[in-house]
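Before any comments, here is the structure.
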């Protein structure tokens, strides 16, 4: 495995000429973070996107997505040929195809996990993806909460002390936070958007822009007649929807990870949503093009072009992040002690119960929790003084 890792590292370094770009590419594809300079680390950490530089669930998801699309395309071609020869029933072909793809993905996920160094975040991702692939093979519906809990149990059985690892804590809390809060934030946004559209206040600036975008009076007549303008509008809406999803996922992840970040790092970026909306699409293309570069490394001229594209993508995105980091209040100092961490989670838990069940008893419990936290915080502070 070390030989393969070294071979892939040499390919990326050979064709990505800019040292900083090569360091970022190595970090996001192979988990080689030791080549990142302090400026890049500080920039990504300050903007709340340091998770991008550590191979985690996001990177594994991109890897699985690319591989599954490729496998499905190959399987479609093979399936078409087999169905013409009438050797198999169509339903049997679908079953065989999905099972083979799941088995290949299962091996590929763990190969990539070992290749990227088996950090807590990637082990958690590999176990969860494995559970879902095994469920797919046996035609069972996977449960993401059960998969997350199983991942934690397995990792703690192997190494109980890993519970004190910051990466372990952030990885599991981020996934749990996204899984629980993202659907709720998305549904709230949809309801908010619908209520505006159906109200008399539909002249709100956002919807004025949307109405102007939908109107054809700003488009050339030729583009309207041949349907090009309509396709452009569809593309723009898809891109905006994709960026909105990234923003919601970023906000969701912060809800449960904020106390841990404040406890360990004492810093919080208020522009983390903007930074994530820029860097996540960039990382997708960096990983995709890096895989392409590895596959075509036997053709130096083409590989050189791909390496140049990767380098420029990373350079441009880094310049944008540097520009964002210069905005006022790009990061704020926020410090939590252990009492604040427990208080935050206790109050949040009671607030979730109140919003979920909407019963008066939970409002009372929420107030009692806040009161207990205030008293214990005061006692804790006086004891430390």
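For segment 117-129, which residues satisfy the criterion of being closer than 9 Å to residue 55 by Cβ and either modelled with pLDDT of 85 or more or in a helix (DSSP H, G or I) (or both)?
Correct list: 121, 122, 125.
Which of the following residues is surrounded by fewer than 16 Cβ atoms within 10 Å (Cβ to Cβ), modelled with pLDDT under 85 and assigned to a helix (DSSP H, G or I): 58, 3?
Result of the check over 58, 3: 3.
Being part of a helix (DSSP H, G or I) and exposed (fewer than 15 other Cβ atoms within 10 Å of the Cβ) is the requirement here; does residue 341 meet it?
no
Which condition number in (1) more than 30 Å from residue 66 (Cα to Cα); (2) surrounded by fewer than 16 Cβ atoms within 10 Å (Cβ to Cβ) is the one that residue 320 fails?
(1)
Residue 69 - would you say it is under 25 Å from residue 175 (Cβ atoms) and more than 15 Å from the chain's Cα centre (by Cα)?
So residue 69 passes the test.
Taking segment 130-171 on its own, how many of its residues are in a loop (DSSP other than H, G, I, E, B) and modelled with pLDDT of 85 or more?
2
The values are calculated or read from the model by the stated rules, or taken from the named source; none is laboratory data. Note that the structure is a prediction, hence the values are computed from the model and not measured. Positions of Cβ are backbone-derived with ideal geometry, glycine not excepted, and every protein chain shown enters the neighbour counts.
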